[in-house]
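Peer 1: Would you mind keeping the following structure in view while I ask a few things?
None of the figures in this text is laboratory data; all of them are computed from the coordinates on show. Not measured: the values here are computed from a predicted model. Here the Cβ positions follow ideal geometry from the backbone for every residue, glycine too, while neighbour counts run over all protein chains shown.
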Ligand code: DX5
Ligand code: ZN
């Protein structure tokens with residue numbers, strides 16, 4: 001069954017705790033947390049202290065997506081704040097392998113992410129050693145952008161690579177996911193979907209996620 005990870009970037013930031021509880025009550029698998037630094041992406045969101053304050057509001061895994069330059073500076077802080085998955089961008093650091101090792105040494109699950117223009121080959125050296133590959137289907141920075149369908153072949157390529165090598169990392173897709181694009185991604189081989197506007201904008205978040213789980217592979 002595919003995993004669904006609502007991105008709290010689309011939540012009401014004035015009452016984030018309640019929003020995280022709503023995500024859990026709606027049956028989400030993970031809470032997707034977007035961390036932006038105004039350098040790697042042209043937007044600034046939240047840091048470890050917000051995650052720490054949200055932690056008591058949910059038992060769900062926090063899927064923390066670091067869109068920050070040189071994430072090695074902050075991995076420890078996000079781990080202590082209560083992140084479960086820590087994902088770093090291959091474009092953001094020269095020491096991706098060391099970052100993965102650091103995340104594992106802190107007892108957390110490691111992810112790597114690739115921007116739409118970044119070929120899968122940039123992530124291949126790490127795929128043996130991660131729990132999550134996060135494939136961006138928008139240029140990161142903002143919620144509510146349109147899905148870039150030209151990335152779909154990369155999802156298929158990642159799924160082929162994973163199956164051929166007998167690996168079991170999750171393939172999560174992030175950016176412009178809704179009922180239509182989500183279905184396309186699952187067909188292409190995605191095992192997890194992150195979504196902000198489509199889930200927070202849905203009339204019934206729970207029903208929406210349940211319908212996504214029925215997408216055929
Ligand atoms: C984009 C973030 C996404 C974003 C997705 O930079 O990484 O996780 O919240 O938002 P939607 O689903 O609205 O495209
Ligand atoms: Zn994200």
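Peer 1: Of the candidates 21, 159, 73, which one comes out as most mobile in a Gaussian network treatment of the chain with C-alpha springs shorter than 10 Å?
Peer 2: 73
Peer 1: Two decimals is fine: what is log10 I(q)/I(0) at q = 0.09 Å⁻¹ for the chain, from a Debye sum with one equal scatterer on every Cα and no solvent?
Peer 2: Treating every Cα as an identical point scatterer, log10 I(q)/I(0) equals -0.30.
Peer 1: Moving on. Limiting things to C-alpha atoms, what are the Rg and the maximum Cα-Cα separation (Dmax) for segment 140-184, in angstroms?
Peer 2: My reading of the Cα-based Rg and Dmax gives 12.1, 35 Å.
Peer 1: Only Cα pairs under 8 Å and at least 6 apart count here; give the relative contact order of the chain as a rounded whole percent.
Peer 2: 20 percent
Peer 1: Return the Cα extents of segment 1-110 along principal axes one, two and three, sorted largest first, each rounded to a whole Å.
Peer 2: On the principal axes, segment 1-110 reaches 39, 29, 26 Å in Cα extent.
Peer 1: Still on this model: Cα-based Rg of segment 89-217 per 2.2 N^0.38 Å, rounded to two decimals?
Peer 2: So the Cα radius of gyration is 1.05 times the expected 2.2 N^0.38 Å.
Peer 1: Picking from 149, 14, 49, which is most flexible by a Gaussian network model of the chain using Cα springs under 10 Å?
Peer 2: Looking only at 149, 14, 49, the biggest GNM fluctuation is shown by 14.
Peer 1: Can you work out the FRET efficiency for the pair residue 76 and residue 44, with r the C-beta to C-beta distance and R0 = 25 Å, to the nearest 0.05?
Peer 2: Efficiency for this residue pair is about 0.75.
Peer 1: While we're here: Taking only Cα atoms and a 10 Å spring cutoff, compute GNM fluctuations for the chain and point out the largest among 187, 70, 59.
Peer 2: Among 187, 70, 59, the largest GNM mean-square fluctuation belongs to 59.
Peer 1: Using helices alone, what [θ] at 222 nm do you get for the chain, with -39,500 (n - 2.57) per DSSP H run of 4 or more residues, divided over all residues and rounded to the nearest 500?
Peer 2: -9000 deg cm²/dmol
Peer 1: Give the Rg (one decimal place) followed by the Dmax (whole number) of segment 39-82, computed from C-alpha coordinates and expressed in Å.
Peer 2: Gyration radius and largest Cα-Cα distance of segment 39-82: 11.0, 31 Å.
Peer 1: Which whole-percent values make up P(r) of segment 35-161 when all C-alpha to C-alpha distances are grouped in 5 Å steps starting at zero?
Peer 2: Whole-percent P(r) values from 0 Å outward: 2, 11, 21, 23, 21, 15, 6, 1.
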